[in-house]
Amino acid sequence: MYCLLIYQENLESAEFQTGFEGAVFMSENILERVLTRELARQIDGILSNYQYDASRLIGILLDIQQIIPKQYIPEEIAYYLAQKLNMKITNIYDCITFYGSIYSKARAEYPLQICNSIVCKVKKGERLAMDLKKILKVEINQATADGKFIIEMVPCFGACDVAPAVKVNGKVYGNLNNEEKIKAMLQELV
Amino acid sequence: MTMAVKFITKNFGRYDIRSLASYMKIGGLTALKKAIQMPGDDIAALLTAAGIKGRGGAAYPMGKKWLQARDIKAAEKVIICNADEGEPCTFKDRTLIQNDPFNLLEGMIIAGYVIEAQHGYIYLREEYSYLKSILLNAIEQLTEKNFLGKNILGKKGFDYELHLCSGAGAYVCGEGTALVESIEGKSGRPRMKPPYIKQCGLYNHPTCVQNVESLSLVAAIVNDENNIYQKYGTKGEKNSIGTKLISVAGNVKQPGVFEIPFGITIRDIIYGLAGGVEGQPIRLIQFGGASGKVASKDILDTPYSYEHLAMAGVGVGSGAILVVDESTSVIDFLITTQAFFSHESCGQCAPCREGNRHIRLLLQKIKDGVHTQADIEKLNSIADIMTVSSLCGLGQAAQNALKTAMKVFPDEFKIMEEGVKIG
């Protein structure tokens, strides 16, 4: 019931009353509305960088994910892409669910990705995860209340020479083998 | 014995990686200029003479691969640079792109000339997204100066373009057919073979896939008039010519990427180049990434070469050397490795999807000390079934570490008395 109310509220909001192109075709079951006119304009920009070429879907999804707050592909955007690229929604979701670096659920402004592969493990990467959980007071895959951080465990990202390491928005922070270094990283981010 | 050498790494730190002019000042693109005056067959012959085997892990002779690709007649052909370096403990390709991007692209252009391809794609793993701008900038500058595009260097009909594509966090996309699926905008599930991608690959064009390190060797080999490269390496009936980039990590004091001549010992690598082990004695060493085989410290005095490692029951693979000390148990090591493969299996074929999962469950039983002889037999049988019946290399190689560990460390798999735990 609560969700339905949000949905109706969104439908009545100024953005959706304008009835711009993206809004009409989508499944009526989508509850989370994120597609503003400005966001649609930005997505169209990305699509034209890729010449609306459906075979370049992976790059398109990665680029769009970067401009969405909390870095994921909301369902509404997936449907928007299906229409714009003239693709089946199942093909879009085949990629979203297959690839580890494309996310279908909201994350955070700074996803802290900890390597859980063997090199970071022998370099005591598990302690790094424990320290981060303690400092941020969250569990793995749980965002902080302010939406700034989320801790994610990911496979090796090739920073084994500086293990244990964390990757945040494309930047690697290495040798995080004590709490001071971890705190310094968090400080640098915010 | 010489330890680290500089052949493929000779340009590291010598030019501004953002500037084509700077690359040309240190002799960049002279190999390309020389190459386009030569018949393509002769260039492939140079690679064969230098004995270069594909550096991605499969070790297929590179000159032979180029000749086969060249001989295929098609209106359009494609070259792919596989920069989807996903094997844990492998970071040599990252180092090559970070330090010498123009050399890699020069190798790709020469490959385009020899194979008579019109398009080259670099498939860069998403985890290395910070390298994207380096490559895009290099492609742009090369295109501006007509080292890419139409009639390259005035050579009529030599038309060749380079494209950069991003992976999205899937280890399986290092496999050729999965990689091709991914560039085409689909999920990266490996295709059935045949047809092989050399006949029918990206967008159904004949496709030649090469590793970053293999392509980075090309320009230096073309310019190597005095055959300096061939002076490095091991001699004998079976030999390994030249040098190899290795990435050493784990419980060593100075992890990193090193260029070594084939033939120096594992001890030279670990105790010389990587500064020795951290505090505790070595428990095991894994060669070639997570899909690689393991050995005990008895392997330390073995020379690092294709033939010596094969005799010692391991392999070069991706060039990774992971040193694990006694603070990690063999079973914990295997559980982490198998968890990696469970996560990365694309799920398309049952042996790999189910096999990895069940191996992991059985390993947990061993860790808890509650396994039986039947469990050990089951482990062996699942591993064998995966090797022979998985669709692609992932499922065929995922249990390499397990199978070798069972041979090298049989005590770790012993049936325990009731209530005793190990690991």
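None of the figures in this text is laboratory data; all of them are computed from the coordinates on show. Please read these numbers as outputs of a predicted model, since none were measured by experiment. A quick note on method: Cβ atoms are made from the backbone with ideal geometry, for glycine too, and the neighbour counts reach across all protein chains shown.
Annotations for the structure displayed:
- Amide proton proximity set for residue A:143, modelled H, under 5 Å, gap of 5+: none
- For the pair residue B:416 and residue B:18, label points projected 7 Å from Cα toward Cβ lie 5.6 nm apart.
- Alpha-carbon centroids, the stretch B:7-80 and the stretch B:295-309: separation in whole Å: 30 Å
- Per-residue Karplus couplings for the stretch B:79-93, computed as 6.51 cos²θ - 1.76 cosθ + 1.60 with θ equal to phi - 60°, are listed in order as 10, 10, 8, 7, 10, 9, 5, x, 5, x, 6, 10, 8, 6, 5 Hz, Gly and Pro entered as x.
- Within 10 Å of the Cβ of each residue in B:324-334, the mean number of Cβ atoms contributed by other protein chains is 2.
- Distances between placed amide hydrogens fall under 5 Å for residue B:416 paired with B:371, all partners being 5 or more residues away or on another chain.
- Per-residue average of Cβ from other chains inside 10 Å of A:157-170: 5
- Calculated FRET efficiency, residue B:151 to residue A:87, Cβ-Cβ distance, R0 = 30 Å: about 0.25 to the nearest 0.05.
- Once the mean of 1/r is taken over each pair of separate Cα atoms and inverted, the stretch B:20-222 shows a Kirkwood hydrodynamic radius of 16.8 Å.
- Kirkwood-Stokes translational diffusion coefficient of the stretch B:183-267, alpha-carbon pairs, 4 °C, 1.567 mPa s, µm²/s: 78 µm²/s
- Each Lys and Arg contributes +1 and each Asp and Glu -1, all at the Cβ; summed about the Cα centre of the stretch A:110-189, the dipole is approximately 100 debye.
- In the stretch B:282-400, lysine pairs with alpha-carbon atoms under 22 angstrom apart (chain gap of 8 or more, or interchain): 4
- A Stokes-Einstein calculation at 37 °C with viscosity 0.692 mPa s, built on the Kirkwood radius of the stretch B:232-325 over Cα pairs, returns a diffusion coefficient of 255 µm²/s.
- Cross-link reach list, aspartates and glutamates versus residue A:124, counting only Cα pairs under 17 Å and skipping chain neighbours closer than eight places: A:152, A:161, A:179, A:180, B:278, B:325, B:326, B:332
- Here the dipole of the protein assembly as shown is about 1220 debye; that uses its Cα centre as origin and unit charges on the Cβ of Lys and Arg (positive) and Asp and Glu (negative).
- Karplus-derived HN-Hα couplings along the stretch A:104-109 (A = 6.51, B = -1.76, C = 1.60, θ = phi - 60°), whole Hz, x at Gly and Pro: 9, 10, 4, 10, 7, 5
- With contacts taken as Cα pairs under 8 Å at a separation of at least 6 residues, the stretch B:50-114 carries a relative contact order of 25 percent.
- Taking amide H as placed 1.01 Å from N in the peptide plane, residue B:167 has its amide H under 5 Å from the amide H of B:124, B:125, B:126, each at least 5 places away in sequence or on another chain.
- Overall form of the stretch B:279-415 per C-alpha gyration tensor (a/c, 1.5; a/b vs b/c): oblate
- Subset of B:150/B:244; A:121/B:407; B:65/B:155 violating a 28 Å alpha-carbon distance limit: B:150/B:244
- Our Cα-only numbers for the protein assembly as shown put the radius of gyration and Dmax at 25.1, 80 Å.
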